[in-house]
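I have placed the structure first, in the form of structure tokens, so that the comments after it can refer back to it.
What follows is calculated from the coordinates using simple rules that are stated; it is not laboratory data. Because the structure is predicted, anything quoted here is derived from the model rather than measured. Cβ: placed from backbone, ideal geometry, glycine included. Neighbour counts: every protein chain shown.
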Amino acid sequence: MFQLADFSVSFGTATALRRATLDIRQGDRLGIVGESGSGKTMLALALMGMAPDAAKIGGRLTIDGQDMTHASERTWQQMRARRVAMIFQEPMSALNPLRRIGDTMMEPLIVHEGLSRAQAQARVLALFEEVGIPDPAARLRMFPHELSGGQRQRVLIALALACNPALLIADEPTTALDANVALRITDLLVRLARERGMALVFITHDLAAVARTTKDIVVMYGGDMIERGPTAQVLAAPAHPYTQGLLAARPDPTVPPRDATGKRRRLPTLPGTVPPLAALPQGCRFSGRCSVELPQCAGTRPTDHAVDPDRSAACHLLGAAP
Amino acid sequence: MWYFIFRRTAGFVATLFVVSAVVFSVMNILPGDPALTILGLDATDDALAALREQLGLNQPVLARYVSWVWNALQGDFGISHSFRVPVSELIAERLPMTVSLAVAGMIFTLVIALSLGIGAAARHRKVGDWGVMFISQIGIAVPAFWLSMLLVLLFAVKLRWLPPGGFAGWSDPVAAMRSLVLPTIALGVVQSAVLARVTRSSALEVMRQDFVRTARASGLSRRRVLWRHVLPNALVPIVTIVGMQFAALVTGTIVIENVFYLPGLGRLIFQSISNRDLPTVQALVMLFAAIVVTANFVVDLLYVVIDPRLKART
Amino acid sequence: MTRRLPVNFILGAVLVALVVGTAALSLVWTPHDATQMAISNKFAAPSATHWLGTDQLGRDVLSQLMAGARNSMAVALVAVLLGGSVGVALGLLASALGGWVEDGVMRLADLGFAFPALLFAIMLAAVFGPSLTNAVLAIAFINIPVFARVTRGAANQVWTLDYVLAARAAGMNRFAISRDHILPNIAAAIIVQATIEFAVAILAEAALSYLGLGAQPPASSWGRLLSEAQTLMYIAPQLAIYPGLCIVVAVVGFGLLGDGLRDMSDPRLSRER
């Protein structure tokens, strides 16, 4: 349904997304994992046709076979909400504070599907039921500030689902929420994707959430897609040094926080920080921070190497091995 | 919310009293004999004494202040010396002129400034944006009375499309509207320029917020997002300025009425100054100041209407 | 670190230099005596002797405009200095003492906003008769609350800085701290405000003089020149153009200069303006 081929987004000399290739089919549940600045949000915005005006776009993006790479705003308006919808990181600020929930919810239904207010309201109530919002009728008259964070995120999910999109992109939907609320939201997203046969792209830096929600995973770093494959396999045996580092940096719940002598254990961390976009190395984006570095890493961009039939990683180590 | 409204109302009433005290002090306590000011240096002692008696100048200052406020509250501002009629009658006669002009100026300002401001924000960092910013920079600097003269030169003297001044009342609505066109533009341009800038920067501020992205993500057109989502949220700072601008427009009518010879309160105030008609000047200054204070008070109350979050908080 | 000067600063500085230069020049030289009448030569067209022609009394228009610049600058300077120093003093006092003094001063400042310069000038004119002094007083008066607010806001921030706390701990009294530490730190904000208020003052003076509440004949003032020109609009429309242009140039100049200074003193403030 959604295909990216050699798709790039750049701002002047800085490349936010470099030659990304992706194929999203009906029923896919894809996790996109990376630190901030890895290009994952830019990828999501590009799939919505909402990359900033200043961005230069290259490559090709097709939706249902239609080339959308340089589609007009008007064409995108028809796609958004109906084919692809998105929920954002901050449920607190993602709803218009001056509008009642009901008005916000009904607007796309009235605009896109030409429903009457009464019809739209019935649909909204059904949607609220579906995403598990208690007492839906009362919520319609409320303002965003009267709802909790978890409730607001549910409203945003309902809003995204309003026009039955084929793909739902969730950009860090749980980062701003309490842990147990977050868990319920991720489970809700999986349930909805299953029930509706809708594709789900789940963007996060939380590996546990990815493991719980997705079938496949793409790991991103510095605008490159560096590793991909079935979620369980990639997380069990990561092939790319960056993915390995990312997993190692995750606090292990089986290891007690203090060692035998009572001293607090240091969490393993990835050395260094993600450089700013314009300062990224030309070759492998991870070179400079990588623990196993080859001479060609800094200058030559590694190609995808198959790890398994359905897994690949972009790393010179894998090419050099055989 | 009710506590908020109550507190603001109390503040408003208190401010009005202090303003009245200031006006009264400047007009009465500052050195100088009002009777002498009114009648001139060649007045006879008898006439001066009679006038002092009539103005109540023989009573203590405080008593005069109290009776002025008390009477004013009942709509009695005393007798005009030059016109020999109650000041309240003079005001009632001319108020419609001034109100028509101020309201027309406000509507003009809102229409022009909101479209320009929102339009500029939508074209941020593009030609349209720079154009609006440039024009508004000039607009802010143009004195209203000079703009009036330029408008008269062009539309009344050269093109002869509109009358150069005067106002014959609302009995002929078309003529009345035609007489109001140039004054309205002259009055509104400066305020539009200010408001357009405020609108633009406020809208830009709102456009960075997350819910604007949500609205776009649900497939709404840019135009719809701009007018239905961005504008209402940008209104809070805009309303603050609009309150101050209404006040500026009302006092601006003083200037404009004098340029266009419109028979309103602004003309009256100047006639009264040249006639040394102190009670009239005092009443009019108080009236204008009261309008300014009231405009700001109304703005405070409007916040509650605009932003539902305030209702909860206060 | 060198940063490029903001465009508005450069443009503003050029316009201000032009206006202030003209005003300064008029102190020592004008093409003709601005008040010298020559009825026989009235409404003369621009020529080598009268670059912008003459008015209804045969006075040289350019010389009058130059004298008007001087007048405008003088009024704005005195009014802003007068109102500014009172306002700054009140603001510093409010900030230094806090509590009910601060509340009181700020309430008074709110009140000041209820009186536009025009209303105040009208009151003064009604009681004392119209004069330039009254116009200056009225403009100075409206500057008091403006400066009091800006000063108090900026000063309150400085009071929380470590070295001010240190000075207090060292036993310096509040007034000495205000003078030695607070004032130098908020000078930039005050200068920016003063530049902008200068533009406002020029506009106010022009309006008051136009209405006959400011400069009295035979003193030249842009506002008064315009009010004279208004009655002659059918005969000599050009007389209504020049003084207005002068006002616009001066006001735009000081406005841009103020914006530019603010951009330079605090880039954060100007990000999206």
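Okay, here's what the table says:
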| read-out | value |
| --- | --- |
| Cβ neighbours within 10 Å from other chains - mean over A:96-103 | 5 |
| Percent of Cα pairs exceeding the 51 Å cut-off, where the set is the protein assembly as shown | 37 percent |
| Per-residue mean of C-beta atoms belonging to partner chains within 10 Å, peptide A:85-94 | 4 |
| On Cα atoms only, tilt of C:61-97 relative to the major axis of chain C in degrees | 10 degrees |
| Whole-number D in µm²/s for chain C (Stokes-Einstein; Kirkwood sum over Cα pairs; 37 °C, 0.692 mPa s) | 161 µm²/s |
| Geometric extent, Cα atoms of the range C:51-126 - Rg, Dmax (angstrom) | 19.6, 61 |
| Cβ-based exposure ranking for A:Lys56, A:Lys40, in which fewest neighbours within 10 Å come first | A:Lys56, A:Lys40 |
| Cα centre as origin, Lys/Arg/Asp/Glu Cβ charges: the range B:90-313 dipole, Debye | 1080 debye |
| CD proxy at 222 nm, helix term only [per DSSP H run n ≥ 4: -39500 (n - 2.57); per residue of the protein assembly as shown; nearest 500] | -19500 deg cm²/dmol |
| For the range C:100-171 versus the range A:118-186, the gap between their alpha-carbon centres in whole angstrom | 51 Å |
| Given charges at Cβ of Lys, Arg, Asp, Glu: the protein assembly as shown dipole, positive-most of A:Gln121, B:Val198, B:Leu90 | A:Gln121 |
| The range A:2-221: Rg to Rh, with Rh as the Kirkwood radius over Cα pairs | 0.96 |
| Shielding by partners, peptide B:146-159 (average Cβ within 10 angstrom, other chains) | 4 |
| In degrees, nearest ten, helix C:183-210 long axis to first principal axis of chain C (Cα) | 30 degrees |
| Within the range A:11-46: backbone nitrogen closer than 20 Å to the A:Val190 label point (7 Å, Cα to C-beta) | A:25-34 |
| Residues of type aspartates and glutamates that A:Lys215 reaches as a straight line, Cα spacing below 19 Å, ignoring anything fewer than 8 places off in the same chain | A:Asp23, A:Asp28, A:Asp171, A:Glu172, A:Asp187, A:Glu195, A:Asp206, A:Glu227, A:Asp308, A:Asp310 |
| Ranked packing of B:112-125, A:164-177, most packed first, by mean Cβ within 10 Å | A:164-177, B:112-125 |
| For a label point 7 Å along the Cα-to-beta-carbon line of C:Asn173, residues of the range C:75-116 with backbone N under 14 Å | C:97 |
| Antiparallel %, DSSP beta bridges [both residues in the range A:2-221], to 5 | 45 percent |
| Whole-angstrom Cα spans of the range C:181-273 along principal axes, big to small | 56, 27, 14 |
| All aspartates and glutamates inside 13 Å of B:Lys126 as judged from Cα atoms, apart from same-chain residues fewer than 8 positions distant | A:Asp53 |
| For the range B:90-313, the Rg and Dmax computed from alpha carbons only, in angstrom | 19.9, 66 |
| Where chymotrypsin sites (Phe, Trp or Tyr not before Pro) fall in DSSP loop in the range B:238-291, at most 16 other Cβ within 10 Å | B:Tyr261 |
| Among A:189-198, B:203-212, C:68-77, the order from most to least packed when residues are scored by Cβ within 10 Å on average | C:68-77, B:203-212, A:189-198 |
| Least to most buried among B:Met27, C:Met233 (fewest other Cβ within 10 Å first) | C:Met233, B:Met27 |
| Order of A:Lys215, B:Lys158 under a 10 Å beta carbon neighbour criterion, fewest first | B:Lys158, A:Lys215 |
| Per-peptide average of other Cβ atoms within 10 Å, ordering B:61-67, C:222-228 highest first | C:222-228, B:61-67 |
| Helix axis angle, C:117-128 relative to chain C longest principal axis, alpha carbon, degrees | 70 degrees |
